[in-house]
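Colleague: I am attaching a structure below and will ask some questions about it afterwards.
The values are calculated or read from the model by the stated rules, or taken from the named source; none is laboratory data. As the structure is a computational prediction, the values presented were derived from the model and not from experiment. Cβ atoms come from the backbone with ideal geometry, glycine included; neighbour counts cover every protein chain shown.
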Amino acid sequence: MPVVVMGLGRFGGGIGVTRWLVDQGARVTVTDQKDTAALASSVDQLKDFPVTFHLGGHEMSDLDHCGLLVVSPGVDKATSEFVQAAIARDIPLSSEMNLFVERCPARQVVGITGSAGKSTTTAMIGAILEAAHAGGGGPRVWVGGNIGQSLLGELGRIQPEDVVALELSSFQLEDLGSLRWSPTHALITNITPNHLDRHGTMEAYRDAKLNIVRFQRPEGLAFVNESDRELIAHVAGAGAGARLRTFVFEPAYKGIVQVPGRHNEGNAAAAIAVARSLGIEDRWIREGLAGFRGLPHRLDFVAIKRGVRYYNDSKSTTPVSACLALETFAEPVVMLIGGRDKNMSFEALAQLLARRAKGVVCYGEHGCKLYEEVSRHLPAGADIGRVELAGPLQEAVDKAARLSGPGDVVVLSPACTSYDQFAHYEQRGETFARLVRALPD
């Protein structure tokens, strides 16, 4: 059957679904708005597969004999002429995640979503279950989804008794609504404003997230932080009812969790609750958490330069996640913020930075507006020099180095997407780390 994959991207989904479709005997055409140069790495990963590439734009003729259109979750289907043309022709739509969950043989699937912390929590759950399995105290685990690993290629190896842990974005959950599917174990770390440039309103964004619990069977479980009363009400309103479970961080795990920040204690509490619901003993939970050192680009320690500690939190693409980064440290903090806006309010972040940060460097496409907002909230008589404006990241790093001194912490926690200067947040974080390591010792 001829299949068109719309949106190759630079991560696991587009590549994984293309490989899987070819293995199933489909004749695959891959189309993307980005050109061959921008997608060179992804194209190279498919060089041994008989795939037709139409890059640098979408050709309507690709729909002429198309039996299935597989759309990347990053594509806004409502505004895409290509998708709307497919719908007008009655061409069925699917996605990498939809194809997977329709075929997943595992009886227990843990779905993890949230505006912040979902990747770390997914990885924590994976680490705990891997420790338990290695010690003979738990099932085999497969970790994938929005965290960057497509599991379609593993369908032949996943067994019914295994556990699958899937990080699910709001876009993926929006697509999954068409299947009326929710995981057996649904975890929501939090829901705060994000992706409003795509969803339009906070209500629409939250509604997409709630698909993770909306279609659960009676035996399913839904997990929410005990302190988040508003989210608890929304989850209950989505039909969770008796399936709802809450979690809170236990002080006994204080010395076990290796990643910094109170928010990571919340992530650990979520992972612990899910693991216990799967029958994992506390000794394996402790072992898994003790061995977990965090994910790249999430408050990732880079280097010490002239007595200043530098951290890469490039994954921070919302004001809320930047607030969490600032509140992680007791030391004086100089923070780098900026990039491309996602139509969110920076008011709370600006107030917190003006009150608590030793210095703020605003850079990139949204830098001027952030500079104005943080400066406006400075206390009367405060040194206006605490807030600096920069263009490229190189200039921002140099200014942060000048604002900081021995004993301070410099954190890149941009609160915005990377797309003004970088292809993705990983490239932004890697560039930051390289610039920091080039600073004088």
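Colleague: Any idea how many residues of the stretch 289-338 are part of a helix (DSSP H, G or I) and either without any contact (Cβ under 8 Å) to a residue 24 or more places away in the chain or not hydroxyl-bearing (Ser, Thr, Tyr) (or both)?
Modeller: Within the stretch 289-338, residues that are part of a helix (DSSP H, G or I) and either without any contact (Cβ under 8 Å) to a residue 24 or more places away in the chain or not hydroxyl-bearing (Ser, Thr, Tyr) (or both) number 10.
Colleague: Additional query: Can you spot a residue in the stretch 303-312 that is at pLDDT 95 or above, over 16 Å from VAL397 (Cβ atoms) and not charged (D, E, K, R)?
Modeller: Yes, some residue in the stretch 303-312 is at pLDDT 95 or above, over 16 Å from VAL397 (Cβ atoms) and not charged (D, E, K, R).
Colleague: May I pose another question? Take the residues in the stretch 397-416 that are under 27 Å from the mean Cα position of the chain (by Cα) and over 17 Å from ALA350 (Cβ atoms); name whichever of them is surrounded by the fewest Cβ atoms within 10 Å (Cβ to Cβ). Walk me through it before giving the result.
Modeller: Step one: of the stretch 397-416, the residues under 27 Å from the mean Cα position of the chain (by Cα) are 397, 400, 409-416.
Next, only the ones that are over 17 Å from ALA350 (Cβ atoms) stay: 397, 400, 409-410, 412.
Numbers: VAL397: 24, ALA400: 28, VAL409: 21, VAL410: 27, LEU412: 33.
Among residues in the stretch 397-416 that are under 27 Å from the mean Cα position of the chain (by Cα) and over 17 Å from ALA350 (Cβ atoms), the one surrounded by the fewest Cβ atoms within 10 Å (Cβ to Cβ) is VAL409.
Colleague: Now a separate question. List every residue pair whose Cβ atoms lie under 6 Å apart, where the two residues are 6 or more positions apart in sequence or sit on different chains, the first residue falls within the stretch 429-441 and is within 25 Å of CYS416 (Cα to Cα), and the second residue, located anywhere, is of a type in the set (Gly, Ala, Ser) and surrounded by 20 or more Cβ atoms within 10 Å (Cβ to Cβ).
Modeller: Between residues of the stretch 429-441 that are within 25 Å of CYS416 (Cα to Cα) and residues that are of a type in the set (Gly, Ala, Ser) and surrounded by 20 or more Cβ atoms within 10 Å (Cβ to Cβ), the close pairs are GLY429/SER314; LEU439/ALA401.
Colleague: For residues that are within 26 Å of the chain's Cα centre (by Cα) and part of a loop (DSSP other than H, G, I, E, B), scanning just the stretch 131-154, find the one that is farthest from LEU21 (Cα to Cα).
Modeller: PRO139
Colleague: Within the stretch 53-69, does at least one residue satisfy the condition of being within 30 Å of ALA270 (Cβ to Cβ) and in a strand (DSSP E or B)?
Modeller: no
Colleague: Out of the residues in the stretch 193-214 that are touching a helix residue (DSSP H, G or I) at 6+ places or on another chain (Cβ under 8 Å) and outside any helix (DSSP H, G or I), which is modelled with the highest pLDDT?
Modeller: Filtering the stretch 193-214 for residues that are touching a helix residue (DSSP H, G or I) at 6+ places or on another chain (Cβ under 8 Å) and outside any helix (DSSP H, G or I), the one modelled with the highest pLDDT comes out as LEU210.
Colleague: Sticking with this one: Please verify whether the stretch 368-382 includes one or more residues that are touching a residue at least 12 places away in the same chain (Cβ under 8 Å), assigned to a helix (DSSP H, G or I) and either among the β-branched types (Val, Ile, Thr) or not assigned by TED's automatic domain parsing to the domain that holds SER314 (or both).
Modeller: Within the stretch 368-382 (the criterion being touching a residue at least 12 places away in the same chain (Cβ under 8 Å), assigned to a helix (DSSP H, G or I) and either among the β-branched types (Val, Ile, Thr) or not assigned by TED's automatic domain parsing to the domain that holds SER314 (or both)), the answer is yes, since at least one residue qualifies.
Colleague: So, one more: Quick one: VAL257 ticks every box in (1) touching a His at 6+ places or on another chain (Cβ under 7 Å); (2) part of a loop (DSSP other than H, G, I, E, B) bar one, so which box is it?
Modeller: That leaves (1) as the condition not met.
Colleague: Hey, another quick one. Please enumerate the residues belonging to the stretch 155-175 that are out of contact with any Pro (no Cβ under 7 Å at 6 or more places or on another chain), assigned to a helix (DSSP H, G or I) and closer than 16 Å to THR122 by Cβ.
Modeller: Within the stretch 155-175, SER170, LEU173 meet the criteria.
Colleague: Which residue out of GLY177, GLY137, GLY148, GLY153 is of a type outside the set (Val, Ile, Thr) and at positive phi?
Modeller: GLY148
Colleague: From the list ARG276, ARG286, which one is assigned to a helix (DSSP H, G or I), closer than 22 Å to ASN190 by Cβ, free of Cβ contacts under 8 Å to residues at least 40 places away in the same chain and not aromatic (Phe, Trp, Tyr)? Quick ask: steps written out before the conclusion?
Modeller: On the way: ARG286 fails: closer than 22 Å to ASN190 by Cβ.
Exactly one of ARG276, ARG286 is assigned to a helix (DSSP H, G or I), closer than 22 Å to ASN190 by Cβ, free of Cβ contacts under 8 Å to residues at least 40 places away in the same chain and not aromatic (Phe, Trp, Tyr), namely ARG276.
Colleague: Quick one: what pairs do we get from the stretch 200-225, first residue more than 14 Å from TRP181 (Cβ to Cβ), second of a type in the set (D, E, K, R) and in a strand (DSSP E or B), C-beta under 6 Å, 6+ apart or different chains?
Modeller: LEU221/ARG245; PHE223/ARG245
Colleague: Follow-up question, since we're still on this one. Given the conditions (1) exposed (fewer than 14 other Cβ atoms within 10 Å of the Cβ); (2) closer than 22 Å to GLN108 by Cβ, report the number of the one that LYS209 does not fulfil.
Modeller: The failed condition is (1).
Colleague: Is it the case, given these coordinates, that ALA357 is farther than 15 Å from THR317 by Cα and either among the aliphatic types (A, V, I, L, M) or assigned by TED's automatic domain parsing to the domain that holds VAL333 (or both)?
Modeller: The answer is yes for ALA357.
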